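Let me begin by presenting the structure, written as C-alpha cells, before commenting on it.
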Amino acid sequence: MSVLATILHDWDDEPAAAILRTIRAAAPAGARLLILDTVVPPGNEPNGAKWLDLLMLTLFDGKERTEAQWRELLAAGQFEPVRFHEALIEAVPS
C-alpha cells in the first residue's frame, strides 16, 4: 500500500500524473494507493477546500480537485478510483 498525504495538490495535472505513473510502475500486483487530500465538493456553498484551492492556485502551481478532476488525474496516472471520501481517495492500478 502506498500513501500520499497532501502531495498531489502541490502540483498541476501533468507533474501530478507523472508522480502517479512513477508509483504505478513500482506498484506490485494487488497494490492500493491512498491519497490523503481534499475532494472539493460541488456547488457554490462556502467550504474550506475551496479556500485552499484559491491559495494553491495563487501561491503555488497546485490546486485542489473535484471528484471528476481526481478521476481524470488518476486515469492519467494509470490508477482507477475505488472510493472517494471528503479527504481520502482510495485507488488501485488500472
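The table below lists the values:
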| read-out | value |
| --- | --- |
| Residues located in the range 46-94, provided they are surrounded by 15 or more Cβ atoms within 10 Å (Cβ to Cβ), at pLDDT below 75 and in a helix (DSSP H, G or I) | Ala49, Lys50, Leu52, Asp53, Met56 |
| Flag for Thr22 being at pLDDT below 65 and assigned to a helix (DSSP H, G or I) | no |
| Identity of the residue in the range 25-42, within 13 Å of Pro81 (Cα to Cα) and touching an Asp or Glu at 6+ places or on another chain (Cβ under 9 Å), that ends up modelled with the lowest pLDDT | Val39 |
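The values are calculated or read from the model by the stated rules, or taken from the named source; none is laboratory data. A quick note: this is a predicted structure, and the numbers were derived from the prediction, not measured. Note: ideal-geometry Cβ built from the backbone for every residue, glycine included; neighbour counts use all protein chains shown.
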